[in-house]
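The values are calculated or read from the model by the stated rules, or taken from the named source; none is laboratory data. In this text, all values refer to a predicted model and were calculated from it rather than measured experimentally. Glycine gets a Cβ as well: all are built from the backbone with ideal geometry, and neighbour counts include every protein chain shown.
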Amino acid sequence: MPFNLKNKSQPGRPVKSIIIICLVLSAVIGIGVLMTLPSEPVSRAQPVSVGTWSNRTVDLNGGIYTSIAVDSHDHLHISYQYNNHLMYATNKTGLWLWTTVDSNASTGAYSSIAVDSDDKVHISYYGSPDLWYATNKDGSWKKYRVDHTPGAVVGAYTSLTIDSHDRLHISYFDSTNSDLKYATNATGSWTNVSLFPVSSWGSHSSIAVDSIDAVHISCWATNGGLVYTTNRSGGWAAYFVDNSVNVGLYTSIGIDSHDRIHISYYDAAHGYLKYASNSSGSSSSWGTYVLDNQAPTGQYSSLAIDRHDRVHICYHAALGRYDLKYATNESGSWANYTVDGVGTDVGAYCSIAVDSSDRVYISYSDDTNSDLKYASAQTYPIPEFDSVAVVFVVSLIAAEILVISRRRGKGCA
């Protein structure tokens, strides 16, 4: 019998016909939606391999002690040391430009960079024998001595972060007294304090602030392992995260949207990259995990957390050759990849950052070619819903509306 919606002698046939037509349309539209998606499987942060990374040279003269940050326009900013000077590079004009920030001798080591809410740049660094700070917030670069302790060498292993009020916080190491120190300009001028005097804690420090601007610091205790300290409860309290011998070097700390702590670090006893997190939210309850056991691997670890609380870590591997590697839990389980280094010596002094689209950037040193380089990994948009499923449901709703309209004498006849 002909396909005829007007045929009154076939009860139920018009309703079925409308639904069939809508289902066919939903299938066609769904196929079209699928064809617009990337040919590779879409994930919340595309798993990367050597082929999906883009590696570029920033400074042909080289660069060590690199630190990278991304501003509100997703422009990149890198601080680094070259020829014992503090250097700064950015691509905010569309091209990479670099400048000397501090040309004094023996400056620029252990640089750490951050960008404030106005996209002004702030850098902490070691300038023998003191802790220094530089900024371009007034339009030109100015530098300040933050800590000069007579008779002491201070400022190694600096790490800088900025809170929600654009106040600065720096963790660093007093090498002479083996002490973790903390400096801030939260009161309007710089103040510094020794957190755990005569503890042999504080090298390889990393700092972050949480949603209420409380400070969190990870560091290495030469006599104990990986240490975590925070002032969230008012006073400073410290906890051993991993108290194995020779564990806790090259720490890097990050805080997710739920104020959970994430730390990457190096297990020098076994040559492993490790990771710790207090997923329960307790400062005294930690889970620790080996992320890469291809020893020796894990030096110079740097950690970043994206807007969906996925963790990204870059690190250096020394497996006969020297590679830049990357680990992430974006797929729900940890996986690691080689970013750069086949047949070369690259990846030392790496630093990682993530932009507003969850694209990953890594700055690092290419010792083979004496270059400062950066790598970027293309990511795909996160599917917030199943497009085909939505089209299918909308089509069924449309079919129901047509059926009701027809029964009321208002549908297409």
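Confirm whether THR344 is polar (S, T, N, Q), surrounded by fewer than 16 Cβ atoms within 10 Å (Cβ to Cβ), at pLDDT below 95 and more than 23 Å from THR230 (Cα to Cα).
Working: polar (S, T, N, Q): yes; surrounded by fewer than 16 Cβ atoms within 10 Å (Cβ to Cβ): yes; at pLDDT below 95: yes; more than 23 Å from THR230 (Cα to Cα): yes.
Considered against the rule, which asks whether it is polar (S, T, N, Q), surrounded by fewer than 16 Cβ atoms within 10 Å (Cβ to Cβ), at pLDDT below 95 and more than 23 Å from THR230 (Cα to Cα), THR344 comes out as yes.
Which of (1) at pLDDT 55 or above; (2) farther than 28 Å from ILE313 by Cα; (3) surrounded by 18 or more Cβ atoms within 10 Å (Cβ to Cβ) does ILE21 not meet, given it meets every other one?
ILE21 satisfies every listed condition except (3).
For the range 126-141, give me the residue count where each residue is part of a strand (DSSP E or B) and either surrounded by fewer than 20 Cβ atoms within 10 Å (Cβ to Cβ) or without any contact (Cβ under 8 Å) to a residue 24 or more places away in the chain (or both). Lay out the reasoning, then the answer.
Filtering the range 126-141 for residues part of a strand (DSSP E or B) gives 126-127, 130-135.
In the following step, the residues that additionally are either surrounded by fewer than 20 Cβ atoms within 10 Å (Cβ to Cβ) or without any contact (Cβ under 8 Å) to a residue 24 or more places away in the chain (or both) were identified as 130, 135.
The total comes to 2.
Among the residues of the range 142-200, write down those that are within 23 Å of VAL101 (Cα to Cα), of a type in the set (A, V, I, L, M) and either touching a Phe, Trp or Tyr at 6+ places or on another chain (Cβ under 9 Å) or not in a strand (DSSP E or B) (or both).
VAL146, VAL153, VAL154, ALA156, LEU160, LEU168, ILE170, ALA183
Within the group SER351, SER333, SER370, which residue is within 18 Å of GLY63 (Cα to Cα) and at pLDDT 95 or above?
Numbers: SER333 fails: within 18 Å of GLY63 (Cα to Cα); SER370 fails: at pLDDT 95 or above.
Answer to the check: SER351.
For the range 373-392, give me each residue that is modelled with pLDDT of 95 or more and surrounded by fewer than 22 Cβ atoms within 10 Å (Cβ to Cβ). Step through it out loud before you land on a result.
Filtering the range 373-392 down to residues modelled with pLDDT of 95 or more leaves 373-376.
SER376 - this is the single residue of the range 373-392 that is modelled with pLDDT of 95 or more and surrounded by fewer than 22 Cβ atoms within 10 Å (Cβ to Cβ).
Of the residues that make up the range 230-244, is at least one within 23 Å of the chain's Cα centre (by Cα), among the aliphatic types (A, V, I, L, M) and either in a loop (DSSP other than H, G, I, E, B) or more than 27 Å from ILE113 (Cβ to Cβ) (or both)?
no
Going through THR368, THR328 one at a time, which residue ends up being of a type in the set (Val, Ile, Thr), surrounded by fewer than 17 Cβ atoms within 10 Å (Cβ to Cβ) and not assigned by TED's automatic domain parsing to the domain that holds MET87?
Matching residue, one of THR368, THR328: THR368.
Hey, does the range 80-100 have a residue that's of a type in the set (Val, Ile, Thr), touching a strand residue (DSSP E or B) at 6+ places or on another chain (Cβ under 9 Å) and surrounded by 24 or more Cβ atoms within 10 Å (Cβ to Cβ)?
Restricting attention to the range 80-100, the residues satisfying the condition of being of a type in the set (Val, Ile, Thr) are 90, 93, 99-100.
Those still in the list that are touching a strand residue (DSSP E or B) at 6+ places or on another chain (Cβ under 9 Å) too: 90, 99-100.
Now restrict to residues that are surrounded by 24 or more Cβ atoms within 10 Å (Cβ to Cβ): none.
Within the range 80-100, not a single residue is of a type in the set (Val, Ile, Thr), touching a strand residue (DSSP E or B) at 6+ places or on another chain (Cβ under 9 Å) and surrounded by 24 or more Cβ atoms within 10 Å (Cβ to Cβ).
Look at SER280 and say whether it is under 26 Å from ILE362 (Cβ atoms), of a type in the set (S, T, N, Q) and in contact with a Gly (Cβ under 9 Å, 6 or more places away or on another chain). Give the derivation first.
Values: under 26 Å from ILE362 (Cβ atoms): no; of a type in the set (S, T, N, Q): yes; in contact with a Gly (Cβ under 9 Å, 6 or more places away or on another chain): yes.
So SER280 does not fit the description; no.
Among the residues of the range 116-130, which ones are over 19 Å from SER206 (Cβ atoms), among the polar types (S, T, N, Q) and within 21 Å of the chain's Cα centre (by Cα)?
SER117
This table checks each residue for (1) within 23 Å of TRP53 (Cα to Cα); (2) in the same structural domain as ILE217 (by TED's automatic domain parsing).
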position: SER283; (1), (2): no, yes
position: LEU291; (1), (2): yes, yes
position: TYR300; (1), (2): yes, yes
position: HIS316; (1), (2): yes, no
